Amino acid sequence: MTATDFATFYALVALVLFFGVIVYFGVPKMITKTLDARGKRIEDELADAVRLRQEAQALLAEYAQKGAEAEREAATIIAAARLEAERLTAETAKSLEELIARRTRSAEAKIAQAETQAITEVRSRAIEIAISASEAILKQKVTGDAAADLISRSIADVRAKLN
């Protein structure tokens, strides 16, 4: 046997003894136990991740449903507001038409009253002018007591007939 073979043999014996000591002290069991514990922890973490993902999906579905309900409610509110605005617009238009009609009737009544008053004033003024003209003409043509008496009666008759 050569020195190299000897060294190889001792290296082999040392390796077998090393593995023997490792097995004797239960190192493989410890490694297996540690790896099993780590595998169990990873498995638990994966289970938690799956559970959390399912909860997140449930929350997402719930919020999507709430969002759809909110959109439907908003659409309902908008439709109701449009109907209310149309109703108010119609009421306002009707009220405005009634107000315009009332104001028009009022203005027409005031115009008619002013026209009647103007006609009355013009007639009164025309009567006064006619009486003054008649009086002046009669004073020039008729003279004396008979003339004064005739003028007074004529003026009284004209006033009575024109009023």
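Could you tell me whether Ser124 is farther than 28 Å from Ala156 by Cα and not acidic (Asp, Glu)? Steps first, answer last, please.
Working: farther than 28 Å from Ala156 by Cα: no; not acidic (Asp, Glu): yes.
Spelling it out, it is not the case that Ser124 is farther than 28 Å from Ala156 by Cα and not acidic (Asp, Glu).
Pairs needed: first member in segment 32-57, under 26 Å from Ile22 (Cα atoms); second member anywhere, among the hydroxyl-bearing types (Ser, Thr, Tyr) and surrounded by fewer than 10 Cβ atoms within 10 Å (Cβ to Cβ); C-beta distance under 8 Å; at least 6 residues apart or different chains.
Within 8 Å, no pair qualifies.
Exactly one of these conditions fails for Tyr24: (1) more than 60 Å from the chain's Cα centre (by Cα); (2) surrounded by 10 or more Cβ atoms within 10 Å (Cβ to Cβ); (3) aromatic (Phe, Trp, Tyr). Give me its number.
(2)
Where a number appears in this text, it was derived from the coordinates with a stated rule and is not lab data. Keep in mind that this is a model prediction, so the values were computed, not measured. Glycine also receives a Cβ, built like all others from the backbone with ideal geometry; neighbour counts cover every protein chain displayed.
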